[in-house]
Amino acid sequence: MPSLFKIPIENLNGIGKKRAELFKKLGADTVGSLLRLYPRTYEDWSEPVRIIDAPQNDPCCIKGVIERAYPPARIRNKMTLFKFDMTDGYDRMTVTFFNQQYTYEKLRGGGEYLFYGHLKRQFSKYEMVSPAVAKPDRMKIHPVYPQTAALTSKQIEKAMEQAVAMLPETANDPIPPEIREQYHLCSLDFAIRNIHFPENNDALLKARNRLVFEELLILQLGMARLKGGRQRTASHKLQKDFTEEFYPLLPFSPTNAQKRAVSECIGDMMNCPYPMNRLIQGDVGSGKTAVAAAVCDTVVRNGGQCALMAPTEILAEQHYRSLCELFQNSGITVGLLTGAMTAAKKRPVYEALKNGEIDIIIGTHALISESVAFQCLNLVITDEQHRFGVAQRAALIAKGDSPHIMVMSATPIPRTLALMIFGDLDLSVLDELPPGRQKVDTFLIDSQKRGRAYGFLKKQIDNGSQCYIVCPLVEQNETLDLVSAEEYIEDLKRTELGAYRTALLHGKMKAAEKERIMGAFAKGEIDILVSTTVIEVGVNVPNATVMMVENAERFGLSQLHQLRGRVGRGTAKSYCILISDIQSKAGIERLRALCRTNDGFQIADEDLRLRGPGDFFGSRQHGLPEMKIVSLSSMVSLEDTQTAARQILDSDPLLTEKRHRGLAFETRRLFSKVGSTEQLQ
């Protein structure tokens with residue numbers, strides 16, 4: 001199959017230069033990569049159901065005969081209505097189309113067709129609106145592909161039929177025969193043919209299990225080799241542990257989990273022959289910043305410099321203020337570098353870093369600019385690492401001589417998923433919250449109760465507290481029926497909350513304006529902050545007691561948990577109000593899960609169960625190989641693939657044996673998009 005990755009997509013019939021560009025946007029620039037563009041779902045036309053047996057909420061296929069075609073009817077907005085009556089031999093239903101004259105002319109009275117769509121029931125009447133239509137010979141399982149605005153699933157399907165026809169009957173299989181036999185996996189050619197055009201549901205399941213196993217196996221192999229490659233690199237060993245001298249600087253007693261994480265980091269840096277490469281994972285408020293500060297303190301006292309890169313200017317400035325306060329009078333200097341700083345303010349920071357006068361630098365992407373040079377960068381910390389690409393982290397790491405690496409994540413991740421995503425990192429988990437952290441009461445309401453919620457916010461503000469209101473959009477979008485922050489703040493002025501001090505915050509604002517607004521909110525000069533998710537991570541205003549989220553169904557559970565974590569940071573009782581009019585049972589179940597618990601790890605497990613890892617972060621995990629087919633059901637395969645990966649690497653660490661060349665090729669291909677292939681050679 002590697003040879004198919006050398007055949008340009010343009011070689012297929014019907015794909016010219018313009019359409020090829022559309023395929024390339026989907027990651028399919030060759031015939032081989034097209035074959036690896038798997039369907040996102042399927043339409044099962046293989047077993048039509050009777051009208052009376054059609055499901056209530058799910059699409060289905062009904063086979064029937066057209067009995068009557070009604071004359072076209074012109075309705076509002078220049079729209080033409082086309083209607084038919086059809087029967088499945090037992091019952092009748094109406095089929096309705098809008099502005100589809102071609103379909104109307106194609107359907108013949110007395111002709112038998114397949115109709116695929118949602119069936120609506122109203123008393124004894126049945127109707128399908130704008131279903132897909134096909135002749136009875138199309139009675140099979142149809143793939144539905146991810147698509148762009150200008151490239152439909154049907155166009156992709158036609159190209160895929162050609163690509164599958166080019167697949168050799170005995171395609172070179174990257175998984176060795178003994179592994180396939182051990183784990184009962186079908187061959188690659190069977191899997192590719194049946195993932196796109198399944199013979200039946202059983203064949204589809206076999207194909208999917210095989211391809212999921214392959215993808216996870218290749219991920220495990222790549223992660224293991226990346227970790228091995230990093231372990232061969234020399235490092236700056238620490239000579240002395242200063243943590244006991246550091247802890248008195250903290251305004252609280254560290255938890256046992258914090259002490260354990262610090263000890264694991266210092267142990268790596270003192271005793272291992274390779275750089276530390278560790279993930280510090282903890283729930284909202286578990287004290288990751290204190291762990292980072294403790295490790296930085298020991299690194300600096302051993303003669304090194306530290307860099308902490310945060311994803312937003314708000315978070316970088318917050319870290320800067322916290323560490324300045326913590327290290328005052330300690331002899332350790334802390335600096336700040338962000339893109340919003342003027343060139344005149346940046347120059348002395350560049351000079352101080354180069355001369356070693358700044359021990360700990362906090363910054364955003366500005367840290368990776370060419371002008372930044374260190375005297376002795378020994379530790380690189382990335383906060384909320386999934387917001388950075390590999391190239392950005394690598395650029396910062398390259399400013400030191402094989403520095404130690406610490407990654408912090410406030411997004412609790414189930415251990416199985418953490419092993420998959422962070423397989424190249426050692427893991428420290430902060431599973432305790434510092435004393436005094438509040439349990440935030442969470443409520444789910446619909447939009448009709450918004451007025452009562454406003455009354456509750458009014459009481460909180462009258463008692464001296466502040467509130468957040470989060471909206472999914474910055475401005476109104478004609479195609480999405482969602483609340484926008486700009487529209488919301490205008491509407492708020494016409495309610496009982498209109499008399500209070502209100503401000504708007506979103507990611508499109510200039511950094512200086514965002515800093516001004518957050519500063520005013522932190523000082524208590526703003527009562528209600530209407531915002532997008534720019535305040536999701538790290539923002540710390542202890543006086544804020546209410547987090548209200550509009551269109552809560554638009555956010556992942558873990559993201560909502562992060563937003564909820566912005567309140568409950570002071571001594572006053574705090575609340576989270578989720579507003580949603582979602583009707584689906586699964587959607588309601590998701591949001592109620594958040595109301596049941598404040599445990600981020602339980603929420604992460606629920607989020608993973610309900611949505612699957614592909615959507616876990618709301619978007620693809622930055623800097624990681626893109627998973628094409630792994631989903632929630634894949635988690636059962638993870639342990640098997642880890643065992644298989646160890647088995648393979650124990651006998652052939654560099655994958656140079658002939659039987660492993662296919663795995664080596666697929667590993668390089670998977671990691672090529674994230675710039676890690678040089679470590680897989």
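The values are calculated or read from the model by the stated rules, or taken from the named source; none is laboratory data. What you see is a predicted model; the values in this text were computed from it and never measured. Note: ideal-geometry Cβ built from the backbone for every residue, glycine included; neighbour counts use all protein chains shown.
For (1) at pLDDT below 85; (2) of a type outside the set (A, V, I, L, M, F, W, C); (3) farther than 20 Å from GLY282 by Cα, each residue gets a yes or a no:
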| site | (1), (2), (3) |
| --- | --- |
| VAL567 | no, no, no |
| GLY600 | yes, yes, no |
| ASP605 | yes, yes, no |
| GLY612 | yes, yes, yes |
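With the structure loaded, tell me whether VAL262 is part of a helix (DSSP H, G or I), in contact (Cβ under 8 Å) with a residue 12 or more places away in the chain and under 26 Å from the mean Cα position of the chain (by Cα) or whether it fails that test.
On the way: part of a helix (DSSP H, G or I): yes; in contact (Cβ under 8 Å) with a residue 12 or more places away in the chain: yes; under 26 Å from the mean Cα position of the chain (by Cα): no.
Here the answer is no, as VAL262 does not meet what is asked.
What residue, among those in segment 1-35 that are of a type in the set (Val, Ile, Thr) and buried (at least 19 other Cβ atoms within 10 Å of the Cβ), is nearest to LYS154 (Cα to Cα)?
Pass one, segment 1-35, residues of a type in the set (Val, Ile, Thr): 7, 9, 15, 30-31.
When the remaining residues are screened for being buried (at least 19 other Cβ atoms within 10 Å of the Cβ), the result is 9, 15, 30-31.
Details: ILE9: 16, ILE15: 13, THR30: 18, VAL31: 17 Å.
The residue in question is ILE15.
Matching residues to (1) crowded, with 16+ Cβ neighbours inside 10 Å; (2) within 29 Å of the chain's Cα centre (by Cα); (3) assigned by TED's automatic domain parsing to the domain that holds PHE82; (4) not in a loop (DSSP other than H, G, I, E, B):
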site: MET128; (1), (2), (3), (4): yes, no, yes, yes
site: PRO143; (1), (2), (3), (4): yes, yes, no, yes
site: GLN155; (1), (2), (3), (4): yes, yes, no, yes
site: ASN172; (1), (2), (3), (4): no, no, no, no
site: GLU181; (1), (2), (3), (4): no, no, no, yes
site: HIS184; (1), (2), (3), (4): no, no, no, no
site: ALA191; (1), (2), (3), (4): yes, yes, no, yes
site: GLU199; (1), (2), (3), (4): no, no, no, no
site: ASP202; (1), (2), (3), (4): no, no, no, yes
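In segment 574-586, which residue that is surrounded by 15 or more Cβ atoms within 10 Å (Cβ to Cβ) and of a type outside the set (S, T, N, Q) is modelled with the lowest pLDDT? Among those residues, the one meeting the criterion is ILE582.
Working carefully through the options LEU632, LEU594, LEU654, LEU680, find the one that is modelled with pLDDT of 70 or more, aliphatic (A, V, I, L, M) and surrounded by 14 or more Cβ atoms within 10 Å (Cβ to Cβ).
Details: LEU632 fails: modelled with pLDDT of 70 or more; LEU654 fails: surrounded by 14 or more Cβ atoms within 10 Å (Cβ to Cβ); LEU680 fails: modelled with pLDDT of 70 or more.
None of the other options fit; the residue is LEU594.
For SER369, the conditions (1) within 27 Å of the chain's Cα centre (by Cα); (2) in contact (Cβ under 8 Å) with a residue 12 or more places away in the chain; (3) farther than 24 Å from THR532 by Cα all hold with the exception of (2).
Would segment 234-250 turn up any residue that is of a type in the set (Val, Ile, Thr), in contact (Cβ under 8 Å) with a residue 24 or more places away in the chain and over 30 Å from ALA352 (Cα atoms)?
Step one: list which residues in segment 234-250 are of a type in the set (Val, Ile, Thr), which gives 243.
Pick out the ones that are also in contact (Cβ under 8 Å) with a residue 24 or more places away in the chain and you get 243.
This time we only want the ones that are over 30 Å from ALA352 (Cα atoms), so: none.
The answer is no; no qualifying residue exists.
Taking each residue of segment 295-314 that is among the hydroxyl-bearing types (Ser, Thr, Tyr) and looking for partners that are assigned to a loop (DSSP other than H, G, I, E, B) with beta-carbon atoms closer than 8 Å, six or more apart or interchain, yields THR298/LEU238; THR298/LYS240; THR298/ASP241; THR298/PHE242; THR312/THR364; THR312/VAL537; THR312/GLY538. Taken over segment 47-82, the residue count meeting the criterion of being charged (D, E, K, R) and under 16 Å from GLY111 (Cβ atoms) is 3. So which residues in segment 309-357 are surrounded by 15 or more Cβ atoms within 10 Å (Cβ to Cβ), more than 31 Å from the chain's Cα centre (by Cα) and among the charged types (D, E, K, R), if there are any at all? The one that is surrounded by 15 or more Cβ atoms within 10 Å (Cβ to Cβ), more than 31 Å from the chain's Cα centre (by Cα) and among the charged types (D, E, K, R): LYS346.
Test of understanding: among GLU67, GLU105, which residue is exposed (fewer than 13 other Cβ atoms within 10 Å of the Cβ), acidic (Asp, Glu), over 30 Å from LYS585 (Cα atoms) and touching a strand residue (DSSP E or B) at 6+ places or on another chain (Cβ under 7 Å)? Full working, then the answer.
On the way: GLU105 fails: touching a strand residue (DSSP E or B) at 6+ places or on another chain (Cβ under 7 Å).
After applying the criteria, what remains is GLU67.
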